Amino acid sequence: MEKIRLAGKNRSEIAEIVAELGMPRFTTLQILKWIYVKRVNHIDEMTDLSKRNRLFLGEKYEVGYFPPVDEMRSLDGTVKYLFGKSARDSVESVYIPDRDRATLCVSSQVGCKMNCLFCMTGKQGFSRNLTANEILNQIVSIPESDTLTNVVFMGMGEPLDNVEELMKVLEILTSDWGFAWSPKRITISTIGHKSGMIRFLEGSECHLAVSLHSPYPVERLSLMPVEKAWPEYEIIELLRNYDFSKQRRLSFEYIMFNGLNDSIEHAEELSKILRGLHCRVNLIRFHAIPGVDLKSSDEDAMIRFRDCLNRRGVICTIRSSRGEDIFAACGMLSTVRKGGTRTDILK
Ligand SMILES: C[S@@+](CC[C@H](N)C(=O)[O-])C[C@H]1O[C@@H](n2cnc3c(N)ncnc32)[C@H](O)[C@@H]1O
Ligand code: SF4
């Protein structure tokens with residue numbers, strides 16, 4: 001029988017297990033420390049639990065961290081890791097070192113329901129949500145885990161479409177019984193999933209990035225079917241109810257498509273719809289994907305767009321592209337290859 005994984009469980013879930021096994025209440029904090037502070041791999045290593053309790057616990061449970069099954073290293077130091085049991089049920093995470101920062105871009109779903117025109121993950125359709133265990137495992141099980149300064153949910157999937165598991169991971173990362181990280185080290189990127197956004201904004205202090213890509217609803221709809229269910233105007237109005245002027249940061253992601261959304265009129269309209277919001281805009285180069293007839297804007301167009309927004313009082317930066325030689329850049333994560341094996345996945 002497969003054992004239940006302890007990693008990914010929050011304080012109240014561990015307390016329930018402790019009660020179920022008739023262990024003393026203080027064991028909850030001991031177990032949490034072993035899983036999230038010491039990050040041991042085996043229950044046997046939890047040496048301040050009695051031998052009998054370790055035995056009891058080990059009958060049904062395991063710690064549940066597991067290493068990546070493959071990796072690919074870029075010339076610029078970026079590393080792409082693959083997690084999962086089979087080619088069709090895998091996800092990728094990307095480790096991005098940059099001077100004094102080391103960021104991990106994590107996945108939240110196998111595939112995605114949202115079907116954005118320009119996204120490789122969207123093309124593969126939706127398979128399933130990752131569990132809190134599988135999300136957290138990406139952060140703990142890479143060799144560089146101890147050096148991480150930031151985590152961004154910008155890998156495969158829509159994190160707010162898996163909001164309950166996401167919230168559990170955020171609780172573990174930011175609680176003093178867990179990793180005790182500041183929420184400022186964590187950014188969630190969303191297509192603008194309205195109900196998930198409300199849950200996230202009310203229940204955490206982490207940063208939010210919203211993928212916008214056009215200030216014009218009809219144009220956005222042609223790129224992102226989600227515009228129909230959750231129009232950008234509604235999302236922006238919703239965001240006006242929250243305070244982003246202090247610790248918590250709000251940003252908008254904007255992929256620059258040549259001749260489509262990169263004109264000065266677009267920049268002007270964008271500055272209008274964001275007026276009064278404490279936010280910044282990140283411009284992203286489009287990474288071409290097979291079968292999609294869109295091109296990235298060139299450097300000059302991006303600089304013009306950025307400067308126009310900055311002149312209008314909207315802080316705007318151009319995001320540097322990393323790991324392109326190993327297809328680890330934004331939106332290029334997709335492990336599914338028809339009939340592929342795990343070894344061809346990373347070729
Ligand atoms: C892969 S998504 C995951 C998070 C979430 N689902 C979202 O859309 O914000 C992370 C970011 O990558 C962007 N992206 C997707 N495909 C891309 C591509 N081919 N080139 C550049 N960025 C892309 C998305 O628009 C989004 O801003
Ligand atoms: S861009 Fe985000 S929401 Fe859209 S298909 Fe890709 S992962 Fe899903």
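A compact table of results
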| quantity | calculated |
| --- | --- |
| Test: residue in the stretch 139-152 that is within 14 Å of ligand 1 (Cβ to nearest atom), assigned to a strand (DSSP E or B), touching a residue at least 24 places away in the same chain (Cβ under 8 Å) and not hydrophobic (A, V, I, L, M, F, W, C) | no |
| Subset tally (residues that are in contact with an Asp or Glu (Cβ under 8 Å, 6 or more places away or on another chain) and either within 16 Å of ligand 2 (Cβ to nearest atom) or of a type outside the set (D, E, K, R) (or both)) for the stretch 241-277 | 6 |
| Test: G157 is outside the structural domain of R11 (by TED's automatic domain parsing), within 16 Å of ligand 2 (Cβ to nearest atom) and part of a helix (DSSP H, G or I) | no |
| Conditions (1) without any contact (Cβ under 8 Å) to a residue 60 or more places away in the chain; (2) outside any helix (DSSP H, G or I); number of the one not met by E92 | (1) |
| Output for the stretch 315-333, where each listed residue is basic (K, R) and under 14 Å from A209 (Cβ atoms) | R319 |
| Checking M23 against (1) farther than 16 Å from G178 by Cα; (2) surrounded by fewer than 17 Cβ atoms within 10 Å (Cβ to Cβ); (3) touching a Phe, Trp or Tyr at 6+ places or on another chain (Cβ under 9 Å), the condition it does not meet | (2) |
| Every residue from the stretch 118-138 that is within 10 Å of ligand 1 (Cβ to nearest atom) and in contact with a Lys or Arg (Cβ under 9 Å, 6 or more places away or on another chain) | G122 |
| Residue check, S211 surrounded by 19 or more Cβ atoms within 10 Å (Cβ to Cβ), within 16 Å of ligand 1 (Cβ to nearest atom), of a type in the set (G, A, S) and not assigned by TED's automatic domain parsing to the domain that holds K33 | yes |
| When residues of the stretch 108-139 are limited to those that are more than 9 Å from ligand 2 (Cβ to nearest atom) and of a type in the set (S, T, Y), the one farthest from S334 (Cα to Cα) | T131 |
| Scan of the stretch 192-241 for residues that are among the hydrophobic types (A, V, I, L, M, F, W, C) and farther than 16 Å from R280 by Cα, ordered by number | M197, I198, F200, L201, V218, L221, L223, M224, V226, A229, W230, L238 |
| Residue match in the stretch 285-304 (condition: touching a helix residue (DSSP H, G or I) at 6+ places or on another chain (Cβ under 9 Å), more than 16 Å from ligand 2 (Cβ to nearest atom), under 25 Å from F327 (Cα atoms) and not in a helix (DSSP H, G or I)) | yes |
| The stretch 160-185: number of residues that are surrounded by 22 or more Cβ atoms within 10 Å (Cβ to Cβ), within 14 Å of L208 (Cβ to Cβ) and more than 10 Å from ligand 2 (Cβ to nearest atom) | 3 |
| Verdict on R220 being of a type outside the set (A, V, I, L, M, F, W, C), out of contact with any Phe, Trp or Tyr (no Cβ under 8 Å at 6 or more places or on another chain) and under 17 Å from R248 (Cα atoms) | no |
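The values are calculated or read from the model by the stated rules, or taken from the named source; none is laboratory data. Keep in mind the model is a prediction, meaning the values are calculated, not measured. Positions of Cβ are backbone-derived with ideal geometry, glycine not excepted, and every protein chain shown enters the neighbour counts.
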